[in-house]
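In what follows, a structure is listed as structure tokens, so that the remarks can point back to it.
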Amino acid sequence: MSVANISLSKWHKVAGIGLVCGLALAGCDRSDKEDTTEQAELTEQETVDAENSVAPAISCDDPMVQDRLKSALKNTLNQQAQSLAANYANDAEISLANGVVSEKTNGVVIDVQNAAILQQANENGMTTCQASVSMTLPSEDLYQASQVQAANNQPSLQSRLAQDNIRINNNMLVDDAFTYIVGTQGGQVRTRIAGQPALITVVADVMAGSVFKTAMDEQRAQRAAERRATQNNDTAQTAPIRQPRTVTPVEPIRPTEPTPPTINKPAESQNSSTANTQAAAAEPSKPATPKAVPKDETIDMVIIEDNSATY
């Protein structure tokens, strides 16, 4: 074989190898593009599915929902009571002790009954619920709040409850159409109170009024004690100070002795008559001579009078 043929044969081999490699590279590049396109289509489909997916609805009477609702009610009640109590105190120019409002609101017993769906879950998975919510208050707080309302010429508690469709049973206030919203957000159960329920407003006003009445009574008692103390100090300062005096012991009084009887001496003119009288009295009296009994037999009975006899 000539030198020219050998050189051509080598070029063909090199060219063949380059072509094979070029085809192989082209095939690899086409495969990578196809995989990338399929992956992009899959990711886009998953995103669309995720956007179209709806969060699972939460039951209105779920125990976790009930607990979250009670916590929301307690927090909202405390916030409104704090604000109302501060307004009362500012108007009367008095101060309230720290934590007294929270202590009052913590004493309120909250209960939720007869929870039901009012509106089905929306596209965000939020369900509107309705339940019977009750708040039981201490009787003392209701009494003190009623006194504050009467003093300020405000409507009575009964009239306010009737106006807001809230029934009262002893010291329990009940709203049978309480509305709240439940759902999930970030994988967590969320509960939200719908609107501004009249039940919370009324109970918060009762708690604030009770706190205000207690503070006013304590302030009156303190001022009365201060006035009494001031009066006592003024009396002590104006009254003359009496210096102690040395007391000389007094000699004891001797008991009185009995006075001897006094014997009156008779006058000289009466000596003789008095002596004769005393002598006659001293001599014993002689018995009278018995009278003679007549001896006439014709007389049946003789009556003898004896002056010395005793009848």
Practice prompt. Scan (1) among the hydrophobic types (A, V, I, L, M, F, W, C); (2) under 19 Å from the mean Cα position of the chain (by Cα); (3) under 30 Å from Gln222 (Cβ atoms) for the single condition Met172 breaks and write down its number.
Written response: (3)
Worksheet item: Limited to the stretch 156-173, what total is found for residues that are surrounded by 11 or more Cβ atoms within 10 Å (Cβ to Cβ) and assigned to a loop (DSSP other than H, G, I, E, B)?
Response: 5
Worksheet entry | Members of the stretch 138-155 found to be of a type in the set (A, V, I, L, M, F, W, C) and surrounded by fewer than 17 Cβ atoms within 10 Å (Cβ to Cβ), listed by number | Ala150, Ala151
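Of all residues in the stretch 184-196, which are surrounded by fewer than 17 Cβ atoms within 10 Å (Cβ to Cβ) and either under 29 Å from the mean Cα position of the chain (by Cα) or assigned to a helix (DSSP H, G or I) (or both)?
Gln196
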Worksheet item: Out of all the residues in the stretch 121-137, is one or more touching a Ser or Thr at 6+ places or on another chain (Cβ under 7 Å), surrounded by 13 or more Cβ atoms within 10 Å (Cβ to Cβ) and within 25 Å of Asp217 (Cβ to Cβ)?
Response: no
Response to the item:
Given (1) under 20 Å from the mean Cα position of the chain (by Cα); (2) more than 30 Å from Val65 (Cβ to Cβ); (3) surrounded by 12 or more Cβ atoms within 10 Å (Cβ to Cβ), Ala97 misses just (3)
Fill in: Residue that is at positive phi and free of Cβ contacts under 8 Å to residues at least 12 places away in the same chain, where the choices are Asn153, Asn114, Asn122
Asn153
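Would you call Asp91 part of a helix (DSSP H, G or I) and acidic (Asp, Glu)?
Numbers: part of a helix (DSSP H, G or I): yes; acidic (Asp, Glu): yes.
Considered against the rule, which asks whether it is part of a helix (DSSP H, G or I) and acidic (Asp, Glu), Asp91 comes out as yes.
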Discussion item. Taking the criterion of being in contact (Cβ under 8 Å) with a residue 40 or more places away in the chain, assigned to a helix (DSSP H, G or I) and either exposed (fewer than 14 other Cβ atoms within 10 Å of the Cβ) or of a type in the set (Gly, Ala, Ser) (or both), would at least one residue in the stretch 197-205 satisfy it?
Written reply: yes
Discussion item. Against the condition exposed (fewer than 13 other Cβ atoms within 10 Å of the Cβ) and aliphatic (A, V, I, L, M), how does Ala115 come out, does it pass?
Written reply: no
Discussion item. So Gly186 passes all but one of these: (1) within 30 Å of Met126 (Cβ to Cβ); (2) modelled with pLDDT of 90 or more; (3) not hydroxyl-bearing (Ser, Thr, Tyr). Which condition number does it fail?
Written reply: (2)
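The values are calculated or read from the model by the stated rules, or taken from the named source; none is laboratory data. Quantities reported herein were computed from a predicted structural model and do not represent experimental measurements. Cβ: placed from backbone, ideal geometry, glycine included. Neighbour counts: every protein chain shown.
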